[in-house]
Amino acid sequence: MNDPECDLFAIRIIAENRKGVLRDISTVLVRHDANVIMIHQEIFDSGHFKGLAELYLEYENGVDSDLMTQELLMLPAVREVKPHEPFSHIYGTRVIIIGGGAQVAQVALGAVNEADRHNIRGERISVDTIPLVGEKTVAQAVDAVARLPRAAILVLAGSLMGGEISLAVDRVKEAGIPVIALRMAGSVPEHADLVVTDPIQAGVFAVMHVSTKAVFDVKRVKGRQF
């Protein structure tokens, strides 16, 4: 039976890549009252499972995970089913840093050092970075943050950002993800929740915001500059 103290579970399913497989898997999950909250699917293009599909699921509730696993394995298309720890229990919440290489590196320096201080006490905070150039490219990356699992805050690190990027910032904020921007040229600082001059401090602020133990909250200083 599932541990009553655990509210989130994960399984990795290897199955044949053909029509109807996802329907059959979903039927079993529903029968065991498993509410899927995240799903990731891809096709192996090499290795032992070449040509097969990998389906990673995170779900809540669930009546009997062992019995559910047995029933999944009975499906003709399913080759393997393994339980795993959910990503939120391993990597935790994510701080996303997007922008120019030098600025991203400095923000990451502050974020990683601050995350280490919290994680050593049992938290799980991860830092994701991507250095990019070009208004359209950065805007697309910013928009994608709202679709990233466990993304909790975005830091924009650059010298000049505006136009489409500013509009993307507004959409990310509407999705409930706060945005910190470095002090820079362009309109992005006007759209961000918080503007910080020191990139290292920006990284520290981002981690402190997502931490469950820190007292800093971007909402309390929204619209201010440091």
Any residue at all in the stretch 210-223 that is in contact with a Leu (Cβ under 7 Å, 6 or more places away or on another chain) and crowded, with 21+ Cβ neighbours inside 10 Å? no
Expected single match for modelled with pLDDT of 90 or more, more than 30 Å from THR212 (Cβ to Cβ), outside the structural domain of VAL204 (by TED's automatic domain parsing) and not small (Gly, Ala, Ser) among ILE43, ILE39 is ILE43
On the given criteria, is ARG79 in contact with a Ser or Thr (Cβ under 7 Å, 6 or more places away or on another chain), assigned to a strand (DSSP E or B) and basic (Lys, Arg)? no
All conditions in (1) surrounded by fewer than 22 Cβ atoms within 10 Å (Cβ to Cβ); (2) touching a strand residue (DSSP E or B) at 6+ places or on another chain (Cβ under 7 Å) are true of ARG117 except (2)
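Every residue, every condition in (1) without any contact (Cβ under 8 Å) to a residue 60 or more places away in the chain; (2) part of a helix (DSSP H, G or I), yes or no:
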position	(1), (2)
GLY47	yes, no
LEU55	yes, no
PRO83	no, no
VAL95	no, no
LEU109	no, yes
Suppose the filter is closer than 26 Å to LEU8 by Cβ, in contact (Cβ under 8 Å) with a residue 60 or more places away in the chain and either within 19 Å of the chain's Cα centre (by Cα) or not in a loop (DSSP other than H, G, I, E, B) (or both); does HIS118 pass it? yes
Which ranges mark the strands (runs of 3 or more DSSP E) fully within the stretch 132-226 that have 2 or more residues being closer than 13 Å to ILE97 by Cα? 151-157, 179-182
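The values are calculated or read from the model by the stated rules, or taken from the named source; none is laboratory data. Please read all numbers here as calculations on a predicted model, not as lab measurements. So basically every Cβ, Gly included, is an ideal-geometry build from the backbone, and we count neighbours across all protein chains shown.
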